[in-house]
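One structure is given here, and the rest of the page talks about it.
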Amino acid sequence: MTVLKAQLGDITELNVNAIVNAANESLLGGGGVDGAIHRAAGPGLLSECRALNGCTTGQAKITQGYKLPANHVIHTVGPVWHGGNCGEAELLASCYQESLKLAARYQVKTIAFPCISTGIYGYPANQAVEVAIRSVKDFLNDQPHQMDEVIFCCFSENDYQIYLSALTT
Ligand code: AR6
């Protein structure tokens, strides 16, 4: 049985097998959680990312964690919010599913996700949380017993409250 939980805090500090980065298609760093992860991991992360040749929206790639407590970083590229009729929900669901597929391939047992696309990319948090929880549950139903814990790491009290109520309904 996999535990799904919401946690308030900085994802770069979490002691898990893998953290997920809300990156952009270049995979060469940026602001938000991406900037925080690169700062905390140190320059080794950027060097490894340079060799990955970017990543398309909805896909995921994996690296080492370098100076992070996490062993791996799974970089995924969320959709930019254009109003909701441009395939945003499908692309966001794909981010969660592709990240989990990679994680399973690398025997990751504990993983933490940030609220992908809900910062600079503008995806409304309520809707993003629904997609996030549904996608993770769908994956775990299809491939049970692979993960011990999936953490939704929230950087704001508001996001945390949205996750708490969505996880208990
Ligand atoms: N720990 C956990 N969550 C965080 C942290 C942190 N240290 N810092 C920010 N967040 P964003 P996006 C939350 O903007 O919307 C970058 O420039 C934040 O509060 O980081 O997917 C990339 O390079 C929000 O809830 O990612 C891309 O260009 C969530 O992380 C672009 O931003 C995602 O916000 C991606 O935009």
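Carbon and sulfur: what percent of the chain's accessible surface (1.4 Å probe)? After summing per-atom areas, the C and S share lands at 50 percent. Comparing 66, 80, 118 along the charge dipole axis of the chain, the residue lying farthest to the positive side is 66, per the Cβ-charge model. Taken along its three principal axes, the alpha carbon spread of the range 47-133 comes to 36, 27, 21 Å, from the longest extent down to the shortest.
Computed across the range 3-167, the Kirkwood radius stands at 15.4 Å (inverse of mean 1/r, all Cα pairs).
Packing here is the average count of other Cβ atoms within 10 Å per residue, and on that basis the peptides 19-25, 127-133, highest first, run 19-25, 127-133. The range 26-49 and the range 109-137 have Cα centres separated by 20 Å. Across the range 134-143, computed HN-Hα scalar couplings (Karplus, 6.51 cos²θ - 1.76 cosθ + 1.60, θ = phi - 60°) run 4, 5, 5, 4, 4, 4, 5, 5, 6, 10 Hz from first to last residue, x flagging Gly and Pro. For residue 72, the amide hydrogen comes within under 5 Å of the amide hydrogens of 18, 19, 65, counting only partners 5 or more places away or on other chains and with H modelled in the peptide plane. Stokes-Einstein diffusion of the range 85-136 at 20 °C, 1.002 mPa s viscosity, Kirkwood radius from Cα pairs, rounded to a whole number: 185 µm²/s.
The values are calculated or read from the model by the stated rules, or taken from the named source; none is laboratory data. What you are looking at is a predicted structure, and each value in this text was computed from that prediction instead of being measured. Note that each Cβ is placed from the backbone with ideal geometry, even for glycine, and that neighbours are counted across all protein chains shown. Heads up: the accessible areas ignore ligands, DNA and RNA and are worked out on the full protein's heavy atoms, side chains in. Shrake-Rupley method; radii C 1.70, N 1.55, O 1.52, S 1.80 Å.
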